[in-house]
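K.L.:
What follows is a structure written as structure tokens; I'll ask about it next.
The values are calculated or read from the model by the stated rules, or taken from the named source; none is laboratory data. Only a predicted model underlies this, so the values are computations on that prediction, with no experimental measurement involved. Positions of Cβ are backbone-derived with ideal geometry, glycine not excepted, and every protein chain shown enters the neighbour counts.
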Amino acid sequence: MRALATAIVLPAVLLAACDNEAPEPEAQQTEIPEGLGGGPLPPPADTAGVGTPMEERVATLGLLNKRNNISRDIEMSPGESRRVDDVIVRLSACERTAPWEDPEETGAFVQVFVNERADADTDAQWNRVFSGWLFKNSPSLNVVEHPIYDVWVKDCAMSFPGEEGGPPADDADAAA
């Protein structure tokens, strides 16, 4: 009987002493192998300087009027707004991943305003119907939900260091 009581009480006492947190490990100083030290680290790279500056990028957006089935391509720079009939599209930013990154993504931060009436007795007002990121490769991730207008991203024209010269020519192209 005493062994049974010890078997029940001892684990309970041990569990009560446990606070479920591991102790903080202490840092251990080690020597850096020769040739890997290299002196002080350079300052972090300015990521704003990588790729085309935002104001020089050009986004191509698609705009569809579902009433008359007219689709248009709109080319805009960040900070621009464009009005087409009763819709205004405002582009705040456009981005795409670098060519060496996977998966490839192209996106734009867009706001869409529509001039519409609440009912037949009121005057038309500009209402913001969408504000957010739209992605070319994932159009269903964030969609413009409006019964008349649809807006989507087609491209974001920008470049990264090393791709200014364009893609390298294939050997077959060089032989031709």
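K.L.:
If I ask for residues that are of a type in the set (Asp, Glu) and touching a residue at least 60 places away in the same chain (Cβ under 8 Å), which ones from the range 87-145 would you list?
P.N.:
Glu95
K.L.:
What number of residues in the range 85-134 are of a type in the set (A, V, I, L, M, F, W, C) and at pLDDT below 90?
P.N.:
Residues in the range 85-134 being of a type in the set (A, V, I, L, M, F, W, C) and at pLDDT below 90: 6 in total.
K.L.:
Identify all residues within the range 109-138 that are touching a Ser or Thr at 6+ places or on another chain (Cβ under 9 Å) and crowded, with 16+ Cβ neighbours inside 10 Å; write none if there are none.
P.N.:
Phe109, Val110, Gln111, Val112, Phe113, Phe135, Lys136
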